[in-house]
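Q: The following block contains the structure, expressed as structure tokens.
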Amino acid sequence: MCGIVGYAGKNRAVPYLLEGLEKLEYRGYDSAGVAVAEGNTLRVTKTRGRISNLASLIAAEHQSPATVGIGHTRWATHGKPNDVNAHPHQSQSGRFCVVHNGIIENYLQLKAQLQSEGYVFVSETDTEVIAHLLDKTWDGDFVSTVRKTAALLEGAYAICVLCSDCPDQIVCTRWGSPLVLGVCGEGTFIGSDVTAILRHTNEIYYLDGHETALVDAKGATFFDKDGAAIEKQPKTIEWNLSAAQKGGYEHFMLKEIMEQPRAIADTVSPRITADKTIAFEDFHLSDDEIRRLRRVTIVACGSAYHAGAVGKYVIEKLARLPVEIDIASEFRYRAPVLAPDTLVIVISQSGETADTLAALRLANEQGCKTLCIVNVVSSSIANEGGSVIYTHAGPEIAVATTKAYAAQVAVLYLLAGYLADKRGLLSKAQLASYTDDLLALPDLIQKTLDDCNAQIKAFAQMFIPLEHAYFIGRNLDYACAMEASLKLKEISYIHSEAYAAGELKHGTISLIEKGTLVVALAAYSDVFQKTMSNIKEVKARGARVLAVSTERHMDAMGEVDYKVLIPDANPLFSVSLEVVPMQLLGYYTARARGCDIDKPRNLAKSVTVE
Ligand code: AGP
């Protein structure tokens, strides 16, 4: 998730571009740049780091009088944050400059084709293919050239393009990633969202999928997906800036919960090939090394550790490899027994968590194969891993992770399928149906969000007065229960514990009395009946039970007090649906208790201290 802006008007463009980028910095902040049209020359200024870096570079380099320009603030997905990979990217002829937000899934094929035709690439980004494709498809008409180029792209994109032959104009188009426009006396503004434009006008045009806009100082001309000119009506936005940055949601946490379908789609689909196999960019274990693996150890902290717990069950089930999970702060001080045929997987949203980084270094020192599952490109952990698989969840602002956790779990599903395939444990047909089920996840998560949101908001009222809550589950449900309990505890400050449901009767059940609220997770069909028997145990001691399960188990949930139903899906992926109502439960309970949700007490987004 990056931020892009554009301006065409009567005033100098650069100040507007920098102002818009500052408003969009929450979308990505590892590098930034602008391009302006000075006569028939396009001038690009870009740099690694925050907008303030770019502003000082521009102040030192030029006071361009240009009144037309585009800009970008980056959240790296392809290519580490540096001056070369920063946007805008310029075409080989210099005629075009492009800024892009999204992921071009077929960029490797396009790049190979363009290189075979003599185009020279200077960056590691997927976006640079767009710049060269514009040169290749140039037919003298700015709009048709951008439309032809866009038609070759697979994946999500919002792009703004400058052309040296048309210095007074910008052309922009989108599919999957957002793009809005505003027209006022100062000129025409383009942005990834309304935050970049609101200070100038709250009359906003929303560009729909495959629509294109030709922008100049007087306004915008819109074209539909077939290239026919269309009229569009602006919407009036009443939000203030902070609400706009939250996309109209009250908190970043709720916005990020709602972004999970996109985060999963961006994380999963680029890794599933046209013939329904699984492929990773920076995974450096050979098939033979994978077949010779003897053990997997997953090491992480907090929610990332809980994602690892899901990985344990799925990798053991599919790839038949023994998987240990370990808390990094324990792993690094317990002298673990490791060997070169052990794959140590470390998981981290920030890529900077000190204990997890130390665990990785220990595994490297001991000659293990190491794999990092990380959300921040070129973070310390990503840079030190033998292999890295990035989650494409985009920047996560709320301290309580949601979409990054969901993307980590999705990467572990991909990895389990990949290891099983390389170890000859899945037939071509089984792998194809597995990847089909993975590609179906974003829509199923969207259905879960739509079905559960209002119900959980109501249920959260029951949790307001609570001092203690218990989450129980077996197998994958237990892994989800650990995350559900943390989501409630870390933002609502209610003491809550997660228990393997079968373990309750060995002591903890003594805490269960009349009125105790127990959340039972029972979506994983393999252990559904066993979990129902544990529900009977706590019910017999007077507990109130809120149970989460799938639609097909609806009639078998017997004596629970409150039912939350999620769609049926591949049972191995049940956690990805089951965790959604639990994230919402934590959120709405904390909101009802008036807690500071995005910045809970005593917590930091990334724990970089020892
Ligand atoms: C989860 O909501 C917390 N923010 C915390 O447990 C977090 O998961 C943990 O600190 C690990 O952070 P990381 O993924 O950035 O390494």
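Q: Scan region 354-366 for residues that are touching a residue at least 12 places away in the same chain (Cβ under 8 Å) and either more than 13 Å from the ligand (Cβ to nearest atom) or acidic (Asp, Glu) (or both) and jot them down.
A: Once the filter is applied, which keeps residues that are touching a residue at least 12 places away in the same chain (Cβ under 8 Å) and either more than 13 Å from the ligand (Cβ to nearest atom) or acidic (Asp, Glu) (or both), region 354-366 yields Asp355, Arg361, Leu362, Ala363, Asn364, Gln366.
Q: Among the residues of region 563-603, write down those that are at negative phi and among the polar types (S, T, N, Q).
A: Asn570, Ser574, Ser576, Gln583, Thr589
Q: Consider region 567-594. How many of its residues are more than 30 Å from Leu318 (Cα to Cα) and surrounded by fewer than 18 Cβ atoms within 10 Å (Cβ to Cβ)?
A: 3
Q: If you don't mind, another one. Could you figure out which of (1) modelled with pLDDT of 95 or more; (2) part of a helix (DSSP H, G or I); (3) touching a strand residue (DSSP E or B) at 6+ places or on another chain (Cβ under 7 Å) isn't true of Leu565?
A: Leu565 satisfies every listed condition except (2).
Q: Across region 225-279, what is the total count of residues that are over 18 Å from the mean Cα position of the chain (by Cα) and of a type outside the set (A, V, I, L, M)?
A: Number of matching residues: 19.
Q: Right, another one. So, in region 100-137, exactly how many residues are of a type in the set (A, V, I, L, M), over 19 Å from Thr273 (Cα atoms) and surrounded by fewer than 16 Cβ atoms within 10 Å (Cβ to Cβ)?
A: Residues that pass the stated criteria total 2.
Q: Then there is this: Tell me which residues, restricted to region 485-501, are more than 21 Å from Glu537 (Cα to Cα), crowded, with 24+ Cβ neighbours inside 10 Å and touching an Asp or Glu at 6+ places or on another chain (Cβ under 9 Å).
A: Ile491
Q: Any residue in region 405-426 that is within 16 Å of the ligand (Cβ to nearest atom), polar (S, T, N, Q) and under 18 Å from Glu256 (Cβ atoms)?
A: Yes, there is a match, as at least one residue in region 405-426 is within 16 Å of the ligand (Cβ to nearest atom), polar (S, T, N, Q) and under 18 Å from Glu256 (Cβ atoms).
Q: Would you mind stating whether Ser533 is touching a His at 6+ places or on another chain (Cβ under 8 Å) and surrounded by fewer than 16 Cβ atoms within 10 Å (Cβ to Cβ)?
A: Considered against the rule, which asks whether it is touching a His at 6+ places or on another chain (Cβ under 8 Å) and surrounded by fewer than 16 Cβ atoms within 10 Å (Cβ to Cβ), Ser533 comes out as no.
Q: Out of all the residues in region 585-605, which are at pLDDT 95 or above and within 13 Å of the ligand (Cβ to nearest atom)?
A: Hits for region 585-605 are Gly586, Tyr587, Ala590.
Q: Taking the condition of being surrounded by 20 or more Cβ atoms within 10 Å (Cβ to Cβ), within 16 Å of the ligand (Cβ to nearest atom), over 18 Å from the mean Cα position of the chain (by Cα) and not aliphatic (A, V, I, L, M), how many residues in region 312-353 meet it?
A: Summing the residues that are surrounded by 20 or more Cβ atoms within 10 Å (Cβ to Cβ), within 16 Å of the ligand (Cβ to nearest atom), over 18 Å from the mean Cα position of the chain (by Cα) and not aliphatic (A, V, I, L, M) in region 312-353 gives 3.
Q: Moving on to the next point. Being touching a residue at least 60 places away in the same chain (Cβ under 8 Å), assigned to a loop (DSSP other than H, G, I, E, B) and closer than 30 Å to Glu396 by Cβ is the filter here; which residues of region 49-76 pass it?
A: Trp75, Ala76, listed by residue number.
Q: Ok, one more. Determine if region 390-400 includes at least one residue that is over 23 Å from Ser31 (Cα atoms) and within 11 Å of the ligand (Cβ to nearest atom).
A: Yes - at least one qualifying residue is present in region 390-400.
Q: So is Glu396 surrounded by 23 or more Cβ atoms within 10 Å (Cβ to Cβ) and among the charged types (D, E, K, R) or not? Show your work before the answer.
A: On the way: surrounded by 23 or more Cβ atoms within 10 Å (Cβ to Cβ): yes; among the charged types (D, E, K, R): yes.
When the stated conditions are applied, Glu396 passes them.
Q: Right, something else. Could you tell me which residue of region 367-387 is surrounded by the fewest Cβ atoms within 10 Å (Cβ to Cβ), considering only residues that are within 15 Å of the ligand (Cβ to nearest atom) and of a type in the set (Gly, Ala, Ser)?
A: That would be Ser378.
Residue-wise test of (1) more than 16 Å from the ligand (Cβ to nearest atom); (2) farther than 13 Å from Ile389 by Cβ.
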| site | (1), (2) |
| --- | --- |
| Glu259 | no, yes |
| Ile264 | yes, yes |
| Val268 | yes, no |
| Ile278 | yes, no |
| Glu281 | yes, no |
| His284 | yes, no |
| Ile290 | yes, yes |
| Leu293 | yes, yes |
| Val296 | yes, yes |
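The values are calculated or read from the model by the stated rules, or taken from the named source; none is laboratory data. Remember, predicted model here, so these are calculated numbers, not experimental data. Positions of Cβ are backbone-derived with ideal geometry, glycine not excepted, and every protein chain shown enters the neighbour counts.
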